[in-house]
1. How high is the FRET efficiency from Val153 to Arg257, r the C-beta distance, R0 35 Å, rounded to 0.05?
2. Can you work out ³J(HN,Hα) from phi for every residue in region 229-244, in order, using Karplus 6.51 cos²θ - 1.76 cosθ + 1.60 and θ = phi - 60°, giving whole Hz and x for Gly and Pro?
3. Ignoring ligands, DNA and RNA, what accessible area per residue does the chain give at 1.4 Å, in Å²?
4. My understanding is that a pair violates if its Cα-Cα distance is over 25 Å; which of Lys192/Lys219; Lys201/Lys258; Lys156/Lys192; Lys156/Lys219 do that in this structure?
5. Mind checking the full-extension length gain between Asp94 and Val245? Use 0.36 nm per residue of separation minus the Cα-Cα distance, one decimal, nm.
6. Could you check how much of the accessible area of region 171-219 is carbon and sulfur, as a whole percent, using a 1.4 Å probe?
7. Quick one: which residues, 5+ away or cross-chain, put their amide H under 5 Å from the amide H of Trp224? H built at 1.01 Å from N.
8. Return the ratio Rg/(2.2 N^0.38 Å) for the chain, where Rg is computed over Cα atoms only.
Amino acid sequence: MTWRPRSVALDAWDALHPGVPTWLEAPLFDWANFALLSLAITAPTAVYRPMLLERPNKVARVLQEFDLATRRALPLQVSVDRDGLRGIRGDLTDDEWLDFIDFLVYHIDAEWLGDQRIDELSVLLARAGSEWSVGEHDGHRGLVQRVPEGVAVAAKAIIANGSSAGALLGEAWHAVYGRNPDPEEAYEKAIKAVEEAGWDKVSPKNERTSLGTMVRDMKAQPGWAIDLPTPDADVPIKMADALWVGQESRHGGNGYRKPTAAEAEVAVLLAIPLVQWFSSGALARRP
């Protein structure tokens, strides 16, 4: 069980945090310490001893590899000799420290405690509201941005524009990335944001329209597309349809199921371009 504050007053955009915010510093340092221990001990029966004593050669080689990959002028072993892991942290900027965390994930992935340590890091980053999560890149696990920078910029612009659709998207964003994630709320508000952005363009005579009826009407009205010279220019209709059909929590009875955190995140990321296209007129009926 995780304690959660009863209320937090945060701006809708203040949900994903770059770098190493102050509240993440100590627990991330502790995680790195245990990650190095995972390299320094050899088997589940090994007795935990001070860092770097059991397999000094293995850890030294790993540190040397980081120095080589980053072309560091001051070798990490010098930092370790001066003050252990605190020496390393003191000599690295926040960006370099995140690179080092990513590097540790890469190396402990094959260790006997690797899965446990990586799962712990995933939970820690999510609870801290970090813009980073553990994913896969180049065929191995490592740190990835939870939201690509371009998507984040687009979302921020929509949320800040003062429209009702932008406000709903801000609520959806905060519900999926904020301190107290609520996947069901996030998914619902993502759909409402798209409905608010597009109902008067697709079904102006129906003030009670839903995303489902909007999709139905766009399929029935020829020409709905974005301005691209391709037969697939109607892809926004497919996106809106997927967003609507995927919300199983709107069903009662046996069809009811709350969305997962991953499903809610995808829903919000689907809603961002749909709201933008409807609001800007990029999605319209074309001859």
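The values are calculated or read from the model by the stated rules, or taken from the named source; none is laboratory data. All values reported here derive from a predicted model rather than from experimental measurement. Cβ sites come from the backbone with ideal geometry, for glycine too, and all protein chains shown count toward neighbours. For the accessible areas, the whole protein counts, side chains as well, though only heavy atoms, and no ligand, DNA or RNA atoms are used. Shrake-Rupley method; radii C 1.70, N 1.55, O 1.52, S 1.80 Å.
1. 0.60
2. Whole-Hz 3J(HN,Hα) from phi for region 229-244: x, 8, x, 8, 5, 8, 4, x, 5, 5, 5, 5, 5, 5, 4, 6.
3. For the chain, the per-residue accessible area is 53 Å².
4. On the way: Lys192/Lys219 20 Å; Lys201/Lys258 30 Å; Lys156/Lys192 17 Å; Lys156/Lys219 30 Å.
Violating the 25 Å Cα-Cα cut-off are Lys201/Lys258; Lys156/Lys219.
5. That pair, Asp94 and Val245, stretches by 50.2 nm at full extension.
6. So the carbon and sulfur contribution to the accessible surface is 42 percent.
7. Arg286
8. Ratio of Rg to 2.2 N^0.38 Å for the chain: 1.25.
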